[in-house]
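Colleague: Right, I'll just put the structure down here and ask away after.
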Amino acid sequence: MRAILLGPPGAGKGTQAETIVKEFSIPHISTGDIFRKNIKEGTELGKKAKEYMDQGKLVPDDLTVELVKDRLQQDDCKKGFLLDGFPRTIYQADALEEALKSMDQKLDYVINIEVRKELLVERAVGRRVCKDCGQTYHTKFNPPSKDGICDNCGGDLQQRKDDTEETVANRINVYEEQTAPLIDYYTKKGILINIDGEKPIDEVGKDIVAKMRNKIV
Ligand code: ADP
Ligand code: AMP
């Protein structure tokens, strides 16, 4: 299974990725997570990416495409992959298609999680992420049992630096201008699955798995 998760910031891509990768036994490749790991480790890539991420802008295409191409060459991607947050521009989508072609591979599905704009800011601003294991929570919609503490590993929960109201608003604009055109791009290729992302988390997960299993595009 080779699939992409598409959707605006806060739509629930990372949350649903957990269910999908378990169901299909494929690696979860989140470009946002890779950039954040690099920032934490203080790498050159992290330093470059941080400038853009803090403002809610996209990291330049050349940096992002190289990173994903390298990742897709790794052994665990032979059985497939789930890309989360990539591609985010038409340029990235074309580069992905070319890279897959050179490996004799092609995409099976693009899962487009639809959530109205007015719900996205509340979702992103209330997001909390475990600093140790990366598990995602929401203060209102998916709270941990103990305030500020990860149910999985006991780590502290943190708010992402780019999850402020102002930066989220920028990210939504960037999504509409640069990423939303991919909906049309993949619809034309006949591989887009639309999902109502406004239902509760477990229902969204069930809908995604059912449509992927039954090849409903
Ligand atoms: P994305 O990866 O698309 O930016 P996340 O998966 O991190 O989004 O979800 C953003 C926030 O919204 C998180 O705090 C998550 O717990 C919450 N969330 C995700 N899906 C739902 C849902 N279906 N209903 C309510 N809240 C949700
Ligand atoms: P995410 O974790 O998907 O919400 O991404 C967080 C931030 O990382 C984005 O706002 C961008 O600055 C950067 N980023 C992640 N993926 C990409 C991508 N495919 N292209 C450019 N920038 C990206």
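Colleague: Using θ = phi - 60° and the Karplus relation 6.51 cos²θ - 1.76 cosθ + 1.60, list the HN-Hα couplings for the range 160-165 in order, rounded to whole Hz, with x at every Gly or Pro.
Modeller: Taking θ as phi minus 60°, the curve returns 5, 4, 8, 9, 8, 4 Hz for the range 160-165.
Colleague: Between residue 196 and residue 74, with labels modelled 7 Å along Cα→Cβ, what's the label distance in nm to one decimal, could you check?
Modeller: A separation of 3.7 nm, rounded to one decimal place.
Colleague: A follow-up question, please. Do the sum for the chain: with -39,500 (n - 2.57) for every DSSP H run of n ≥ 4, divided by all residues, what is the mean residue ellipticity at 222 nm, to the nearest 500 deg cm²/dmol?
Modeller: Calculated from helices alone, the mean residue ellipticity at 222 nm is -13500 deg cm²/dmol.
Colleague: Semi-axes of the range 62-127's equivalent ellipsoid from the Cα gyration tensor, sqrt of 5 times each eigenvalue, largest first, rounded to whole Å?
Modeller: Values: eigenvalues 148, 34, 31 Å².
Working from the Cα gyration tensor, I get semi-axes of 27, 13, 12 Å.
Colleague: So for the chain, averaging the separation of alpha carbon pairs under 8 Å that are six or more residues apart and normalising by length, what relative contact order in percent results? Provide the component values of the computation, followed by the final result.
Modeller: Details: 323 pairs, mean separation 63.5, N = 217.
Relative contact order, the chain: 29 percent.
Colleague: Now for a separate question. Plugging the Kirkwood radius over Cα pairs into Stokes-Einstein for the range 5-63, at a temperature of 25 °C and a viscosity of 0.890 mPa s, what D comes out in µm²/s? Before the final figure, lay out the partial values.
Modeller: Details: Rh = 12.8 Å.
Once the numbers are plugged in, D ends up at 192 µm²/s.
Colleague: Of 50/188; 79/146; 106/211; 50/215; 47/69; 79/215, which ones are farther than 28 Å apart at the Cα? Write down the numbers at each step before the final one.
Modeller: On the way: 50/188 34 Å; 79/146 37 Å; 106/211 19 Å; 50/215 38 Å; 47/69 20 Å; 79/215 18 Å.
From 50/188; 79/146; 106/211; 50/215; 47/69; 79/215, over 28 Å: 50/188; 79/146; 50/215.
Colleague: Further question: Pop a pseudo-label 7 angstrom from the Cα along the beta-carbon direction at both residue 140 and residue 41 and give the gap in nm to one decimal.
Modeller: About 3.7 nm separates the two model spin labels.
Colleague: Using the Cα gyration tensor of the range 123-217, with a ≥ b ≥ c the square roots of its eigenvalues, what is the shape: rounded (a/c below 1.5), prolate (a/b larger than b/c) or oblate (neither)? Before the final figure, lay out the partial values.
Modeller: Working: a/c = 2.78, a/b = 1.46, b/c = 1.90.
It is oblate, given that a/c is not under 1.5 and a/b is not larger than b/c.
Colleague: Just want the ordering: 130, 77, from fewest to most Cβ atoms lying within 10 Å of their own Cβ. The partial results should precede the final answer.
Modeller: Details: 130 20, 77 16.
Ascending number of Cβ neighbours within 10 Å: 77, 130.
Colleague: Ratio of alpha-carbon Rg to the 2.2 N^0.38 Å globular estimate for the range 29-80, to two decimals, please. Each step should come with its number before you reach the end.
Modeller: On the way: Rg = 11.6 Å, N = 52, 2.2 N^0.38 = 9.9 Å.
In units of the globular-protein estimate, the range 29-80 measures up at 1.18.
Colleague: Along the principal axes of its C-alpha atoms, what lengths does the range 51-98 span, in descending order and rounded to whole Å?
Modeller: Extents along the principal axes: 35, 20, 15 Å.
Colleague: 5 Å is the cut-off here: which amide hydrogens, built 1.01 Å from N in the peptide plane, fall below it relative to residue 158, excluding neighbours closer than 5 in sequence?
Modeller: Under 5 Å from the amide H of residue 158 lie the amide H atoms of 129, 130, 131, each far enough along the sequence or on another chain.
Colleague: Compute the FRET efficiency between residue 99 and residue 217 as 1/(1 + (r/R0)^6), taking r as their Cβ-Cβ distance and R0 = 25 Å, and round to the nearest 0.05.
Modeller: Values: r = 23 Å, r/R0 = 0.90.
Step by step, r from the Cβ atoms, then E = 0.65.
Colleague: Relative contact order for the range 81-149: what is it in percent, counting Cα pairs under 8 Å that are at least 6 residues apart?
Modeller: Working: 25 pairs, mean separation 9.4, N = 69.
Relative contact order comes out at 14 percent.
Colleague: Which residues' amide hydrogens lie under 5 Å from the amide hydrogen of residue 84, considering only partners 5 or more residues apart or on another chain, with H built in the peptide plane?
Modeller: 5, 29, 30, 31
Colleague: Thinking of the chain as a set of Cα atoms, what percent of all their pairs are more than 24 Å apart?
Modeller: For the chain, the fraction of Cα-Cα distances above 24 Å is 41 percent.
Colleague: Share of antiparallel DSSP beta bridges in the chain, in percent to the nearest 5? Mind showing how you got there, number by number?
Modeller: Details: 8 of 24 bridges.
Antiparallel bridges make up about 35 percent of those DSSP assigns within the chain.
Colleague: So, one more: Return the distance in nm (one decimal) between the two label points of a simple spin-label model at residue 18 and residue 206, each offset 7 Å from Cα along Cα→Cβ.
Modeller: Each label point is offset 7 Å from its Cα along the Cβ direction, giving 1.8 nm.
Colleague: Taking every pair of Cα atoms in the range 1-128, average 1/r, invert it to obtain the Kirkwood radius, and report Rg/Rh to two decimals.
Modeller: Values: Rg = 14.6 Å, Rh = 15.4 Å.
Here Rg/Rh amounts to 0.95.
Colleague: Further, regarding this structure: What is the mean projected area of the alpha carbon convex hull for the range 96-149, to one decimal in square nanometres?
Modeller: On the way: hull surface 25.2 nm².
Orientation-averaged projected area of the Cα hull: 6.3 nm².
Computed from the coordinates by the stated procedures, all read-outs in this text should not be read as laboratory data. Note that the structure is predicted; figures quoted are calculated from it, not measured. FYI the Cβ positions are ideal-geometry reconstructions off the backbone, even for glycines, and counts take in every protein chain you see.
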